[in-house]
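Chemist: Sharing a structure, written as structure tokens. Questions coming.
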Amino acid sequence: MNGNRRRTTNTIEVNFLARCMVGVFLLAMAGLFFVYLKNQQHAVGDQIRGIQAAVREAEVDNESLKARITTMTSRGYLQRKLDEGYIKLEPIRDTAMARITPAVPADPDGILRTASRDPESRVGAGASQRSISR
Amino acid sequence: MRGIQARIAVLCLLLVLIYTVFAWRLINLQVRDHDSFSDIASDKHSIKLPIQAKRGRILDRNGEELAVNIPVRTVTADGTHIKDPAALAAVAAPFLEIPVDELTKKLSTQKPYVVICKRVSEEKAQGMIRAMEGAKLRGLYLEESSIRIYPNASMLCHVLGFVDQSGKGVDGIEKTLDRELSGHDGFRKIEHDRKGREIMVYRGQEQLPEEGADIRLTIDMGLQAIVEKELDATFKELRPAGATAILADPNTGEILALACRPNFDPNKSNDAKPEQMRNRSISDMYEPGSTFKIVVASAALNEGIVDEKTRIYCENGQFSYGGKILKDHHGSGDLSVSEILMKSSNIGSAKMALRMDDNVYYQYVRRFGFGEKTGLPLPGEISGLVNPVHKWDMLTKTRMAMGQSVAVTPVQMVMAMSTVANGGHLMKPRLVLSKGEGSVVRESVPASDAIARKTANFVATALERVVSDQGTAPLARVDGFTVAGKTGTAQKISSHGGYLNDRYIVSFAGFLPAEAPRLMGLVIVDDAPIAGSANYGGLVAAPVFSRIAGNAMRYLDIQPESAAVMAQSGNATTSAPVIR
């Protein structure tokens with residue numbers, strides 16, 4: 001009787017069981033990792049969306065401000081402010097002007113002047129300009 | 001025992017069958033019909049989000065912004081997402097500036113797309129979204145949009161034009177270059193969650209918009225401001241039916257300033273009347289009067305029919321031809337070509353025309369660009385009116401010589417006068433310098449060579465005398481510069497035929513410095529309600545030209561040529577001008 005009972009007892013195949021458990025564990029981990037990655041992907045996506053929205057908002061703000069600046073520095077607006085006395089035009093004296101001489105033609109002395117506050121140089125620059133235009 | 005085994009076998013078989021059916025269905029859903037179900041799901045949650053291309057700006061030649069965009073939002077509603085229209089309306093109404101009742105009515109819909117409000121500022125739109133999120137409401141969404149503004153208001157309105165509600169160009173450069181300015185909208189295929197937020201992971205195909213090109217005009221706003229200011233003053237003082245002023249570079253054909261009165265504010269185009277929107281510089285034709293004498297003089301000289309020394313008998317002011325009497329304002333005997341232009345003799349001009357073959361004369365009129373569109377990129381340009389030779393009657397030739405029986409546009413006249421100024425080349429007018437970054441619109445090229453340089457120089461010299469004390473336009477003088485030009489005084493044509501008494505279109509077309517022209521200008525004053533004895537080009541238009549040209553020369557920092565001016569001005573302050 002005892003002999004029969006011993007014969008019908010199945011042995012636990014530890015190796016096989018371990019392999020299965022490891023397989024299932026790996027599969028579960030892969031699944032969890034997939035879910036984790038997917039969540040991360042969504043989270044990063046949300047961050048990207050947020051950043052894009054912020055960038056767009058900044059761009060829109062920038063555009064709005066630029067348009068306001070353009071309007072407030074337009075000739076019509078400034079003229080109105082001038083007429084209303086909010087701003088004033090001061091004439092610039094001729095002696096306070098720096099004239100940029102033409103870049104290509106040099107003066108007779110061969111010196112190529114770029115800018116000058118010297119009245120004599122200004123006359124020279126004007127003369128050379130006239131001679132070119134003729 | 002066998003019975004139990006059979007039952008187990010049947011049970012197993014049933015289970016296998018059931019699971020096979022489930023598996024089969026699963027395979028059908030997940031594999032075979034995957035694409036179709038995916039599309040259905042996608043259709044439900046995905047949308048093709050348009051990405052609007054920014055409309056290009058319009059700039060002057062120095063980069064000053066003339067037309068720009070302000071970003072705004074369009075608020076739309078998805079009726080299928082709205083559970084409590086009244087609550088949503090109560091939250092959103094203050095931001096949209098719509099009465100709550102009215103908004104509630106609009107939101108009580110099942111339509112998935114309803115435009116609720118356009119042109120909502122970014123601040124208010126974002127405030128509304130935050131308020132909705134705070135109240136845990138949904139159903140209102142934002143779309144990107146923009147509105148076009150013209151910072152200089154009415155300045156340069158006839159060139160810039162305006163856009164309609166949808167942002168499409170309706171008039172001016174906005175219309176003719178609409179394709180370049182508009183660019184191409186892009187799109188992005190996205191999927192959204194039940195709150196309407198984009199699920200980034202499922203972002204699909206994306207095509208970025210092709211932004212509209214910035215258009216750089218040849219207009220110089222410094223010069224434009226000078227022209228506008230003077231034209232405003234003239235319009236206010238004389239109250240004419242209309243006025244036009246144009247400044248151009250005679251050597252390149254570039255239009256530097258262009259203004260017409262009456263005008264309008266393109267920011268409020270809905271309030272503008274058609275009369276205000278009409279660009280008189282290209283869509284109005286007028287009989288040019290004596291300014292047209294440059295054509296007959298140039299033609300006769302170029303053909304060798306007359307020369308510098310030829311003297312023409314001007315019948316002491318009364319010339320009978322074709323059964324009609326042709327009169328000069330001041331009777332003269334023999335006059336040279338130069339004197340005919342200086343004194344603006346109708347008889348002298350008519351006699352020069354009569355010496356020419358009809359076809360040759362007609363060809364010269366066409367060579368100066370009359371009778372065809374100049375090609376300026378603005379809508380509504382007309383070609384003027386030059387009758388072909390076979391339609392001429394006996395008097396046409398003599399009338400044309402003094403600027404009657406022919407109709408021109410102001411831009412045509414500017415280009416014709418530029419031909420004399422630049423040595424005989426008829427230039428094609430140019431209004432656009434570049435279309436977009438890096439692009440350059442074809443450089444200025446002459447449309448044709450109308451007359452020889454020698455002829456042009458002679459006529460130009462004669463036109464300098466027009467601005468002398470003996471000429472018809474001493475008031476066109478500009479301190480420090482030699483001016484060459486021609487006055488024009490033409491009676492207005494009646495809609496019933498014939499001419500209207502005491503109603504004139506007066507003009508002055510001139511250029512300076514005469515020796516090396518840098519600037520060409522035309523001023524036209526249409527039907528100013530002033531006495532006929534004072535309504536002449538030399539009295540009305542020439543002073544306006546003088547003020548514009550003087551300020552323009554200072555603006556352009558062109559050095560005055562004192563010696564030349566002394567010669568032209570003489571004792572101007574003491575002598576009374578002879579006008580015609």
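Chemist: Say whether the condition of being among the aromatic types (Phe, Trp, Tyr), part of a helix (DSSP H, G or I) and either at pLDDT 90 or above or touching a Ser or Thr at 6+ places or on another chain (Cβ under 8 Å) (or both) is met by at least one residue in region B:87-108.
Modeler: Yes, because at least one residue in region B:87-108 is among the aromatic types (Phe, Trp, Tyr), part of a helix (DSSP H, G or I) and either at pLDDT 90 or above or touching a Ser or Thr at 6+ places or on another chain (Cβ under 8 Å) (or both).
Chemist: Given the criteria within 14 Å of chain A (Cβ to nearest Cβ), surrounded by fewer than 19 Cβ atoms within 10 Å (Cβ to Cβ), among the β-branched types (Val, Ile, Thr) and more than 30 Å from B:Arg261 (Cβ to Cβ), does B:Ile199 qualify?
Modeler: Judged against the criteria, B:Ile199 is a match.
Conditions tested, residue by residue: (1) closer than 20 Å to B:Ser332 by Cβ; (2) of a type in the set (A, V, I, L, M).
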residue: B:Ile451; (1), (2): no, yes
residue: B:Thr455; (1), (2): no, no
residue: B:Thr461; (1), (2): yes, no
residue: B:Arg465; (1), (2): yes, no
residue: B:Gln470; (1), (2): yes, no
residue: B:Ala473; (1), (2): yes, yes
residue: B:Gly485; (1), (2): no, no
residue: B:Thr489; (1), (2): yes, no
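Chemist: Could I ask something else about it? So which residues in region B:494-516 are buried (at least 21 other Cβ atoms within 10 Å of the Cβ) and either within 14 Å of chain A (Cβ to nearest Cβ) or more than 20 Å from B:Arg547 (Cα to Cα) (or both)?
Modeler: Within region B:494-516, B:Tyr504, B:Phe511, B:Leu512, B:Pro513, B:Ala514 qualify.
Residues are listed down the side, and each one gets a yes or a no for (1) within 14 Å of chain B (Cβ to nearest Cβ); (2) at pLDDT 90 or above; (3) surrounded by 10 or more Cβ atoms within 10 Å (Cβ to Cβ); (4) closer than 30 Å to B:Glu198 by Cα:
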| residue | (1), (2), (3), (4) |
| --- | --- |
| A:Thr11 | no, no, no, no |
| A:Cys20 | no, yes, yes, no |
| A:Phe25 | no, yes, yes, no |
| A:Gly31 | no, yes, yes, yes |
| A:Glu59 | yes, no, yes, yes |
| A:Ser64 | yes, no, yes, yes |
| A:Arg75 | yes, no, yes, no |
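Chemist: Condition first: surrounded by 15 or more Cβ atoms within 10 Å (Cβ to Cβ), within 14 Å of chain A (Cβ to nearest Cβ) and part of a loop (DSSP other than H, G, I, E, B). Can you find one or more residues in region B:141-150 that meet it?
Modeler: For region B:141-150, residues surrounded by 15 or more Cβ atoms within 10 Å (Cβ to Cβ), within 14 Å of chain A (Cβ to nearest Cβ) and part of a loop (DSSP other than H, G, I, E, B): present.
Chemist: Among the candidates B:Leu463, B:Leu519, single out the residue that is within 14 Å of chain A (Cβ to nearest Cβ), aliphatic (A, V, I, L, M) and closer than 22 Å to B:Val227 by Cβ.
Modeler: Going through B:Leu463, B:Leu519 in turn, just one is within 14 Å of chain A (Cβ to nearest Cβ), aliphatic (A, V, I, L, M) and closer than 22 Å to B:Val227 by Cβ: B:Leu519.
The values are calculated or read from the model by the stated rules, or taken from the named source; none is laboratory data. For clarity, every value in this text was computed on a predicted model and none was experimentally measured. With ideal geometry, Cβ positions are generated from the backbone for all residues, glycine too; neighbour counts draw on all protein chains shown.
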